[in-house]
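A short worksheet on the structure shown next.
The values are calculated or read from the model by the stated rules, or taken from the named source; none is laboratory data. All values derive from a computational prediction rather than experimental measurement. Heads up, the Cβs are rebuilt from the backbone with ideal geometry, glycines too, and the neighbour counts pull from every protein chain shown.
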Amino acid sequence: MVVHGSYLPRLVDGRIAEMLSELPAVLLVGPRATGKTTTAARHARTVVRLDEPGEAVAFRADPDAALRQFPEPVLLDEWQVVPDVLGAIKRAVDVDPSPGRFLVAGSVRADLQAQSWPGTGRLVRLAMAGLAMREITGRIDGPTFFDRVVDGGLDSLRPPDDPPDLVGYIELALRSGFPEPALRLSPARREDWLDSYLDQLLTRDVELLGESRDPDRLRRFFEVLALNSAGIVTNKTVFEAARINAKTADAYEGLFRNLLVVDSLPSWWTNRLKRLVQVPKRYLTDPGLIGAALRVDVPAVLRDGDLLGRILDTFVVAQLRAEVPVSSSRPRLHHLRQEAGRHEVDILVELGGGRVIGLEVKADAAPGRDAGRHLAWLCDELDDRFLAGVVLHTGRRIYPLGANIVAAPIATLWS
């Protein structure tokens with residue numbers, strides 16, 4: 001992507017360079033239009049666009065011979081259009097495992113789970129999310145939010161100079177993390193772009209996976225997922241709301257997961273806690289798609305308290321998701337909920353050694369001590385395994401809520 005004629009650095013840039021300095025092949029995976037090609041191209045001498053028919057012909061005919069013709073590192077973009085190219089990379093790496101030979105980029109993950117996938121042990125996967133606010137504001141240097149808390153504790157958090165208010169956060173969320181609408185388009189054209197993205201997702205992108213589905217039913221199902229983003233709902237609730245059967249719902253959700261626009265936080269489990277609900281918490285990977293799917297703007301979100309909370313939660317998880325692959329502390333994102341909702345934590349970050357960070361997201365400019373009660377419970381239950389708790393809010397200040405628990409503006413994630 002280009003901003004005022006220059007490249008906007010991404011969080012994964014440093015990690016790509018590090019990986020290519022030691023590994024022969026790196027697989028960059030993320031949703032379509034998140035900037036993978038632009039970023040990966042900066043680390044390559046040759047760029048091959050396999051979604052362009054003219055460039056794909058040779059790789060369909062003889063991928064091994066085609067691969068040998070280009071100066072390395074070679075970027076092979078949209079590998080899923082010519083999946084046989086992965087076999088050619090495997091064979092090339094087996095013969096010569098020198099570092100920095102290939103970059104592979106794609107916007108699906110369907111074949112990554114296949115037992116016969118040739119990339120195992122040859123291509124090392126790196127996830128790339130949409131633009132995070134750290135990237136948009138030019139603050140990619142320094143430790144991630146996770147690493148700051150691990151290394152410096154809650155004292156390492158600093159209040160932002162000029163944080164958004166509630167309306168500002170909703171505007172940022174609906175603007176999306178796709179570079180084109182987030183950086184270059186007016187609000188009206190941004191809506192057009194996101195509507196078009198969703199239309200293509202439901203038609204062209206689904207067909208690229210070799211699927212033929214009813215776009216109207218797919219759209220209805222996606223709308224249900226959008227309404228329930230950041231929610232803990234049963235599969236039955238989802239497919240009944242979409243007016244389809246369980247088998248169809250499973251197939252549809254699999255499609256959207258393979259296209260990397262739907263994800264989930266798994267429920268966290270420990271034998272220290274009882275009656276934990278083992279249901280994943282679904283998310284759209286970009287909050288802007290919620291606005292596109294439901295056709296809502298900022299005033300509409302502000303009038304719907306349930307949707308407001310879901311969009312804020314989805315926005316926060318999008319910021320964190322971008323930092324996970326580049327964090328030294330190797331975090332994993334979960335959620336926690338006991339039966340009947342007696343205790344729940346919006347986002348539970350699991351670190352090495354069984355340590356955890358608990359995060360709550362509140363549409364409140366000045367949450368009180370009660371907003372951290374679930375974090376305080378978790379701290380009591382886990383003792384020294386509980387590293388810190390943060391209630392992320394829409395106000396301006398950082399202040400304590402209890403032992404190892406603070407309230408902090410959402411913008412603290414990128415300040």
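Just to be sure before I move on: is T34 out of contact with any Asp or Glu (no Cβ under 9 Å at 6 or more places or on another chain), closer than 23 Å to Q319 by Cα and polar (S, T, N, Q) in the structure I sent?
no
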### Message
Is it the case, given these coordinates, that D141 is without any contact (Cβ under 8 Å) to a residue 40 or more places away in the chain and either surrounded by 15 or more Cβ atoms within 10 Å (Cβ to Cβ) or of a type outside the set (A, V, I, L, M, F, W, C) (or both)?
### Response
yes
### Message
Checking the conditions here, which among A40, A33 is closer than 30 Å to R190 by Cα, surrounded by 22 or more Cβ atoms within 10 Å (Cβ to Cβ) and among the hydrophobic types (A, V, I, L, M, F, W, C)?
### Response
A40
### Task
Could you pull out the residue among R337, R310, R303 that is charged (D, E, K, R), closer than 25 Å to S186 by Cα and surrounded by 22 or more Cβ atoms within 10 Å (Cβ to Cβ)?
R310
### Query
Is it fair to say L123 is assigned by TED's automatic domain parsing to the domain that holds T39 and at negative phi?
yes
### Message
Please pick out the residue among R204, R213, R190 that is among the basic types (K, R) and part of a loop (DSSP other than H, G, I, E, B).
### Response
R213
### Message
Quick test for you: out of V224, V238, V262, pick the one residue that is in contact with an Asp or Glu (Cβ under 7 Å, 6 or more places away or on another chain) and either in the same structural domain as Y283 (by TED's automatic domain parsing) or within 24 Å of M128 (Cα to Cα) (or both).
### Response
V262
### Query
A92 fails exactly one of the following numbered conditions: (1) farther than 29 Å from W414 by Cα; (2) loosely packed, with under 14 Cβ neighbours inside 10 Å. What is the number of that condition?
(2)
### Query
Are any residues in region 57-89 of a type in the set (F, W, Y), in a helix (DSSP H, G or I) and closer than 19 Å to H43 by Cα, and if so, which ones?
W79
#### Entry: Residues of region 3-37 satisfying the condition of being free of Cβ contacts under 8 Å to residues at least 60 places away in the same chain and either within 29 Å of P97 (Cβ to Cβ) or touching a Leu at 6+ places or on another chain (Cβ under 7 Å) (or both)
A17, E18
### Test result for T34, of a type outside the set (F, W, Y), modelled with pLDDT of 95 or more and in a helix (DSSP H, G or I)
no
### Query
Tell me, which residue of region 65-107 that is out of contact with any Leu (no Cβ under 6 Å at 6 or more places or on another chain) and β-branched (V, I, T) is nearest to L255 (Cα to Cα)?
I89
### Query
Which residue pairs have Cβ atoms closer than 7 Å, lie 6 or more positions apart in sequence or on different chains, and pair a first residue in region 229-258 that is outside any helix (DSSP H, G or I) with a second residue that is hydroxyl-bearing (S, T, Y)?
S229/Y283; S229/T314; A230/Y283; A230/T314
### Message
Here is a check on your reading of the model: is T39 of a type in the set (S, T, N, Q), in contact with a Phe, Trp or Tyr (Cβ under 9 Å, 6 or more places away or on another chain), at pLDDT 95 or above and not in a loop (DSSP other than H, G, I, E, B)?
### Response
yes
### Task
Go through region 148-167 and give me each residue that's at pLDDT 95 or above and surrounded by 15 or more Cβ atoms within 10 Å (Cβ to Cβ).
R148, V149, V150, L154, L157, P163, P164, L166
